[in-house]
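First the structure, in the form of structure tokens, and then the observations on it.
The values are calculated or read from the model by the stated rules, or taken from the named source; none is laboratory data. Quick caveat, the model's predicted, so the values are computed rather than measured. Methodologically, a virtual Cβ is constructed for each residue, glycine included, from the backbone with ideal geometry; neighbour enumeration extends over all protein chains shown.
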Amino acid sequence: MTAAPTPRPGGARPSVPVTLDGTDVLAHEGETILALARRVGVPIPTLCQLDGLSVYGGCRLCSVEVAGEHRLPLACATEVVPEMEVRTTSPTLANHRRRIVALLFAEGSHVCAACVASGACELQDRASENGVDHISYEMTFPRTPVDASHPKFILDRDRCVLCTRCVRVCDEIEGAHVWDIAQRGNQAHLIAGMDQPWGEVSSCTWCGKCVAVCPTGALAWQGTAPGELHADPGLIAFLTDARDGTWDDRAGGNERRDDEEVAP
Amino acid sequence: MGAQIDLDAVRDGELGARSRRTHRALVCSSTGCLSAGAAGVRAALKADVEAAEQSETIQIVPTGCRGICSRGPLVQVEPRGEDPTLYQHVDTDGAHAIARDHLLGEGVTADVEVVAPNLPFLEGQVKVVLANAGRIDPERLEDSVAAGGYRALHTAITSMTPEQVLDQIDRSGLRGRGGAGYPTGRKWKLLAEAPGTDKVVVANGDEGDPGAFMDRTIMESDPHRVLEGLAIAGYATGAERGFLFLRAEYPLAIERLERAIRAAKRGRLLGKGIFGTDVTFNLEVRVGAGAFVCGEETALLASIEGRRGTPTLRPPYPTERGLWGQPTMINNVETLANIPPIINRGPEWFRSLGTEESPGTKVFALAGSLTTTGLIEVPMGISLRTIVEDMGEGVPGGRSFKAAQTGGPSGGCIPERFLDTPVDYEHLRALGSMMGSGGLVVIDDSVSMPEFARFYMEFCRDESCGKCVPCRVGTVELHALLDRICQGTGRQRDLRHLESLCRTVQATSLCGLGQSAPNPVVSTLEHFRSEYEALLTDVPAATTRGGS
């Protein structure tokens, strides 16, 4: 496999020779190992990394082996240098990654069957990619509070992996800095505003970027959890009645319809 | 700001005043002795001397730490022209007896125990960093100057170029005393060569290992020496700003450092135009909220900036992008305390102490099962056996030595058969331990090693910042596994999980805290594996499974 010499905007062609998993490839100057690997189609697992946000280095899943390096550099934070020899997979790396994913499952309350994000969850993906089919570690069964005070969104801290994507996107992109981490170690948790209920944080712009970047079901739209979804057959009567002119204004029009009894 | 003080005049004045006294009584007023009642002892001595109207001839001096903390409160009486006497376990009754018999009477009182001058604990020591500890009043600039304080800063600023200072430190072979042993001269050069005009130097006094109090003692006993070392670092590297970072749990050290800074600024030893030159160095104390992780360089800088104390990825290293983006260098307090004597006495003198690779001395906090505990300063390369058996006078109570833990929660245990190992950076690392900042805890045969490892893991679990997954969750799970084993419900597979998870936490954690958190487990497993196995409920399977 050889990297297609994709020109960057501006026309610069990759020029830095790097060995990636035994294959010679050309990298752009200043390119990270992760960007290079993605460009040439070599998968490296990530969780906290997100293009467009600052580098965090918290999940440690993208640790790779670099010849001559004593430690395991992070692919997301390490820029290539000429003649760098990178290994993105090895039995040792596979073990480390499996254990890190397993630790995340042991730490939180990740019950896929009851989660809004099942099927669209990066933690779930990392588990299946890395062969995590059971957890040997002691489950900690956290009972951290759910914050459903926001009219549009919901925060379930038991599903949070503390990747801080929401913290970074809100601070760096939206400029609102609603989110931050409080406490430390296994007490660390996500807080809104000055540790207020999310719905009371006046700096929140309701933009939803935090929900969009959450890799798990910790941040979600209200009403998307399995128990909250329901069919709405009454909608048809509403439409036909409205067309016939017999429609009765339902509670001001803009109110959410969830609160109302729906005709069976 | 006051007038520039003249070091010689201050020293002469101080020594002149001292020569008019018949007696000086030095009362240890460091945290250890204060908590044992030294304040009452000092008040009693003072009251008796005042009642006898001898305040002019007898001076009661509060000093820093003498190191034999297990025998405090300590009072040293120094009659003019006679040998000093060091009293131990002094209470207020004892203070009255000392005042009555020794200060106002004929001689040494029989009512208070005396520390033998040839005590092995004291005899084996070489005091460089702690030269003034216990001998000067840390709250008086004049006392410090009389003992040679700020002479090195004067020499450096008035008769040396920054390059010459750098060269002296480089040639001394001094290595960072915070634990890793990075050559100090090289670190200074990195900052000196870094581009930028607003460079910063930082003293790291955020000491948090259980049982360690080296930095606290240095800051409490001789704060001006730390200021002087940092100011010299600033001059040599071109930094005009400095910060002293320490934890809120060290209120006495904070108070004395701030007092020292005020006094030094008044005397134009800090601030603008030091010693009449155009050299500027401003210094501030910054207090952390007591997180172990803030001893890590990048977390420390975050805390100084007022942000959450969590480590960030390196590179960029602080000398490239540190405080508020400026090139920054961080030195341990003990490292900085070594600077003035190196400038005063030269790098060759410094190299005559310690070993070729690790010159100089090291301060250790001796704790645990030893007859005499406290603070010692010894030349590098001394054997652990000398420290434990001679200076600490062995394990008391008919118990026997089992292991010594160096490097605190980041270090490892050293069993009896390695006691003759010389104490320096390389030898301790080769044993799977580390020098660390200087904590040395001795364990006797009544201690269960799995429980000992669990204690340190609990510490690391509680001190993890929570940023990276292997440290935040790994320490929780390692602690749970150790707990299960200690409670006698562990199985072979728990031991396997323990070992494999140790490897992952070591290899993948972001900063030194997580990378070294498994060390106590790994080293106790290496030297005392049978203790773990004896606690398991099942026997090993016939075939053993491999794994990385």
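Every condition in (1) on the phi < 0 side of the Ramachandran plot; (2) in contact with a strand residue (DSSP E or B) (Cβ under 7 Å, 6 or more places away or on another chain) is met by B:GLY67 except one, and the failing one is (1). Among (1) out of contact with any helix residue (DSSP H, G or I) (no Cβ under 7 Å at 6 or more places or on another chain); (2) of a type in the set (D, E, K, R); (3) not in a helix (DSSP H, G or I), where does B:ARG286 come up short? Exception for B:ARG286: condition (1). Flag: B:LEU257 matches the condition of being crowded, with 23+ Cβ neighbours inside 10 Å, in a helix (DSSP H, G or I), of a type outside the set (S, T, N, Q) and out of contact with any Asp or Glu (no Cβ under 8 Å at 6 or more places or on another chain).
Restricted to the stretch B:455-494, and to residues that are away from every other protein chain (no Cβ under 11 Å), in a helix (DSSP H, G or I) and more than 32 Å from the chain's Cα centre (by Cα), which residue is surrounded by the most Cβ atoms within 10 Å (Cβ to Cβ)? So, considering only residues that are away from every other protein chain (no Cβ under 11 Å), in a helix (DSSP H, G or I) and more than 32 Å from the chain's Cα centre (by Cα), the one surrounded by the most Cβ atoms within 10 Å (Cβ to Cβ) is B:ILE485. The strands (runs of 3 or more DSSP E) found entirely in the stretch A:121-226 that carry 3 or more residues being within 14 Å of chain B (Cβ to nearest Cβ) are A:179-182, A:189-192.
Here B:ASN204 passes the criteria (1) at pLDDT 95 or above; (2) polar (S, T, N, Q); (3) farther than 24 Å from B:ALA289 by Cα except the one numbered (3). Among the residues making up the stretch B:385-428, those that are over 27 Å from B:PHE459 (Cα atoms) and not in a loop (DSSP other than H, G, I, E, B) are B:ARG385, B:THR386, B:GLU389, B:ASP390, B:MET391, B:ARG417, B:PRO422.
Of everything in the stretch A:89-101 that is facing chain B (nearest Cβ under 8 Å) and among the β-branched types (Val, Ile, Thr), the residue that is farthest from the chain's Cα centre (by Cα) is A:THR92. Just one of the numbered conditions (1) surrounded by 15 or more Cβ atoms within 10 Å (Cβ to Cβ); (2) more than 16 Å from A:GLY217 (Cα to Cα); (3) not hydrophobic (A, V, I, L, M, F, W, C) is not true of A:PRO151; which one? A:PRO151 satisfies all of (1) surrounded by 15 or more Cβ atoms within 10 Å (Cβ to Cβ); (2) more than 16 Å from A:GLY217 (Cα to Cα); (3) not hydrophobic (A, V, I, L, M, F, W, C) except (1). Only one entry in B:ALA263, B:ALA302 is surrounded by fewer than 24 Cβ atoms within 10 Å (Cβ to Cβ) and within 14 Å of another protein chain (Cβ to nearest Cβ), namely B:ALA302. Go through the residues of the stretch B:7-17 one by one and say whether even a single one is out of contact with any Leu (no Cβ under 9 Å at 6 or more places or on another chain), at pLDDT below 95 and closer than 23 Å to B:TYR87 by Cβ. There is no residue in the stretch B:7-17 that is out of contact with any Leu (no Cβ under 9 Å at 6 or more places or on another chain), at pLDDT below 95 and closer than 23 Å to B:TYR87 by Cβ. Kindly indicate whether B:ALA133 is within 30 Å of B:ARG351 (Cβ to Cβ) and under 23 Å from the mean Cα position of the chain (by Cα). Taking the combined requirement at face value, the residue satisfies it.
Okay, residues lined up against (1) modelled with pLDDT under 95; (2) touching a Phe, Trp or Tyr at 6+ places or on another chain (Cβ under 6 Å); (3) buried (at least 18 other Cβ atoms within 10 Å of the Cβ):
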{"position": "A:VAL80", "(1), (2), (3)": "no, no, yes"}
{"position": "A:ARG87", "(1), (2), (3)": "no, no, no"}
{"position": "A:LEU93", "(1), (2), (3)": "no, no, yes"}
{"position": "A:ALA113", "(1), (2), (3)": "yes, no, no"}
{"position": "A:GLN124", "(1), (2), (3)": "no, no, yes"}
{"position": "A:ALA127", "(1), (2), (3)": "no, no, yes"}
{"position": "A:HIS134", "(1), (2), (3)": "yes, no, no"}
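Scanning the stretch B:340-384 for residues that are crowded, with 17+ Cβ neighbours inside 10 Å and assigned to a helix (DSSP H, G or I) turns up B:PRO340, B:PRO341, B:ILE342, B:ILE343, B:PRO347, B:PHE350, B:ARG351, B:LEU384.
Looking at the stretch A:58-68, which of the residues that are in contact with a Ser or Thr (Cβ under 9 Å, 6 or more places away or on another chain) and assigned to a loop (DSSP other than H, G, I, E, B) is surrounded by the most Cβ atoms within 10 Å (Cβ to Cβ)?
Start the filter on the stretch A:58-68 by keeping residues that are in contact with a Ser or Thr (Cβ under 9 Å, 6 or more places away or on another chain), which leaves A:58-67.
Cutting the leftovers down to assigned to a loop (DSSP other than H, G, I, E, B) gives us A:58-62, A:64, A:67.
Details: A:GLY58: 25, A:CYS59: 31, A:ARG60: 28, A:LEU61: 24, A:CYS62: 26, A:VAL64: 23, A:ALA67: 10.
It comes out as A:CYS59.
Pairs are defined by a Cβ separation below 6 Å, a sequence spacing of at least 6 or placement on different chains, a first member in the stretch A:38-55 that is free of Cβ contacts under 8 Å to residues at least 40 places away in the same chain and more than 17 Å from B:CYS468 (Cβ to Cβ), and a second member that is assigned to a loop (DSSP other than H, G, I, E, B) and of a type outside the set (D, E, K, R); the pairs so defined are A:VAL40/A:ALA3. Please determine whether any residue of the stretch A:213-227 is loosely packed, with under 13 Cβ neighbours inside 10 Å, at pLDDT below 95 and within 27 Å of A:CYS121 (Cα to Cα). Yes, the stretch A:213-227 contains a residue that is loosely packed, with under 13 Cβ neighbours inside 10 Å, at pLDDT below 95 and within 27 Å of A:CYS121 (Cα to Cα).
Restricting to strands (runs of 3 or more DSSP E) lying wholly in the stretch B:1-101: which have 3 or more residues that are within 17 Å of B:ASP111 (Cα to Cα)?
Working: elements: B:23-28, B:58-63, B:75-79, B:85-87.
Those strands (runs of 3 or more DSSP E) span B:75-79, B:85-87.
Within the stretch A:102-110, can one find any residue that is more than 10 Å from chain B (Cβ to nearest Cβ) and touching a residue at least 12 places away in the same chain (Cβ under 8 Å)? Checked against the condition, which is being more than 10 Å from chain B (Cβ to nearest Cβ) and touching a residue at least 12 places away in the same chain (Cβ under 8 Å), the stretch A:102-110 yields at least one hit.
Of A:VAL86, A:VAL116, all but one fail to be part of a strand (DSSP E or B), of a type in the set (Val, Ile, Thr) and either away from every other protein chain (no Cβ under 13 Å) or on the phi > 0 side of the Ramachandran plot (or both); the exception is A:VAL86.
Can you tell me which residue among B:THR421, B:THR406 is within 21 Å of the chain's Cα centre (by Cα), away from chain A (no Cβ under 14 Å) and of a type in the set (Val, Ile, Thr)? Give the steps one after another, and end with the answer.
Working: B:THR421 fails: within 21 Å of the chain's Cα centre (by Cα).
Only one candidate passes the filter, namely B:THR406.
Report whether or not B:GLU499 is under 30 Å from A:CYS160 (Cα atoms) and away from chain A (no Cβ under 11 Å). Taking the combined requirement at face value, the residue satisfies it.
Within the stretch B:401-416, residues that are assigned by TED's automatic domain parsing to the domain that holds B:HIS427 have Cβ atoms under 7 Å from residues that are of a type in the set (Gly, Ala, Ser) and assigned to a helix (DSSP H, G or I) in these pairs: B:SER410/B:GLY512; B:SER410/B:SER516; B:GLY412/B:SER523; B:CYS413/B:SER523, counting only partners at least 6 apart in sequence or on another chain.
Taking residues in the stretch B:35-58 that are without any contact (Cβ under 8 Å) to a residue 24 or more places away in the chain and in the same structural domain as B:ILE98 (by TED's automatic domain parsing), and partners anywhere that are in a helix (DSSP H, G or I) and aromatic (Phe, Trp, Tyr), not one pair has Cβ atoms closer than 7 Å while being at least 6 places apart or on different chains.
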